[in-house]
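Nothing in this text is a laboratory measurement; each read-out follows from the coordinates by a stated rule. Please read these numbers as outputs of a predicted model, since none were measured by experiment. Every residue, glycine as well, gets a Cβ built from its backbone with ideal geometry; the counts of neighbours run over all protein chains shown.
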Amino acid sequence: MLQISEHQAAALRPDHDVEFARQIAQFLRETLPAETQGSAPEQLRSFAANCLVGSRQFGLTSLRQAARFSAFELLFGPDFVNKGLPGAAQILDDRSHEPNERLAMLVQLAEQRMGTTPHGK
């Protein structure tokens, strides 16, 4: 018997991407208020929708993965993979690691570049 998970079923709904973009925009507003201040809701949803497309190019397909990718785009620029965060492309292109592992590696890279650690030390 064929069974489809909730995640797979959600992907089949036509409004799936619209809802993902809405949730990503909400995540960005809540976690990065200074960076999203002054952005109109539709502008932020459009940004999130574009990030969703970009995240899928690297196999980042869950809502959480796409939201984290979107945060990187907001913080390091729309071309952070190639220009804004040197080393990001190598990490995201390395399919020998699971998507969540690659995102964790990306966080470590960003912290090294910014001179911070998770605890601000």
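Treating r as the C-beta distance of Gln57 and Met1 and R0 as 25 Å, the FRET efficiency rounds to 0.15. In this simple spin-label approximation, Arg95 and Glu19 carry label points 7 Å from Cα along the Cα→Cβ vector, and these lie 2.8 nm apart. Between Glu42 and Leu75, the C-beta separation translates, for a Förster distance of 22 Å, into a calculated FRET efficiency of about 0.55. Between Gln43, Gln65, Gln26, the Gaussian network model of the chain with springs among Cα atoms under 10 angstrom shows the greatest mean-square fluctuation at Gln43. Over the chain, dividing the summed -39,500 (n - 2.57) contributions of all DSSP H runs of at least 4 residues by the number of residues returns a 222 nm mean residue ellipticity of -20000 deg cm²/dmol.
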